[in-house]
């Protein structure tokens, strides 16, 4: 596993816990996560691992999720910011894989929650923990 995936997963733990407990995260936590991911991306850049263009292109999945959340109300803006931050740090390809893994895991988790009556159909499921699980899954598999 790449250390970048591990660090991103560790930094996302406090946001995941708050998202599970309160179904929301604070702006301060979100800003700290985004800044830490940006710093890690700059460290990668300084070592020749990426370039500035790829860092900005990594924001695209987050922007798409943000637009989707504004149009449909399906997910929160915090989810988009997290995906954008992950894209800046780990790149667009990994951000898309993490988003797809998070969506897949949330679908499976929601089905199990419905089957075992832990959640109702109208209940909102926190997505940041699934993004975190997607980070770890993609980090281990790729």
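The values are calculated or read from the model by the stated rules, or taken from the named source; none is laboratory data. Keep in mind the model is a prediction, meaning the values are calculated, not measured. Reconstructed Cβ throughout: ideal geometry from the backbone, glycine too, with neighbour counts over all protein chains shown.
Considering only segment 87-134, how many residues are over 10 Å from the mean Cα position of the chain (by Cα) and in a loop (DSSP other than H, G, I, E, B)?
Of the residues in segment 87-134, 12 are over 10 Å from the mean Cα position of the chain (by Cα) and in a loop (DSSP other than H, G, I, E, B).
Considering only segment 100-140, how many residues are surrounded by fewer than 17 Cβ atoms within 10 Å (Cβ to Cβ), in contact (Cβ under 8 Å) with a residue 40 or more places away in the chain and closer than 17 Å to residue 81 by Cα?
Within segment 100-140, residues that are surrounded by fewer than 17 Cβ atoms within 10 Å (Cβ to Cβ), in contact (Cβ under 8 Å) with a residue 40 or more places away in the chain and closer than 17 Å to residue 81 by Cα number 0.
Condition check ((1) in contact with a strand residue (DSSP E or B) (Cβ under 8 Å, 6 or more places away or on another chain); (2) surrounded by 18 or more Cβ atoms within 10 Å (Cβ to Cβ); (3) modelled with pLDDT of 95 or more; (4) closer than 17 Å to residue 127 by Cβ) across all residues:
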position: 49; (1), (2), (3), (4): no, no, no, no
position: 56; (1), (2), (3), (4): no, no, no, no
position: 68; (1), (2), (3), (4): no, no, no, yes
position: 87; (1), (2), (3), (4): no, yes, yes, yes
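Sort out for me the helices (runs of 4 or more DSSP H) sitting completely within segment 1-71 that have 1 or more residues that are over 18 Å from residue 92 (Cβ atoms) and in contact (Cβ under 8 Å) with a residue 40 or more places away in the chain.
Output list reads 3-11, 13-22, 27-46.
Restricting attention to segment 70-85, which residues are surrounded by 14 or more Cβ atoms within 10 Å (Cβ to Cβ) and more than 20 Å from residue 32 (Cα to Cα)?
75 - this is the single residue of segment 70-85 that is surrounded by 14 or more Cβ atoms within 10 Å (Cβ to Cβ) and more than 20 Å from residue 32 (Cα to Cα).
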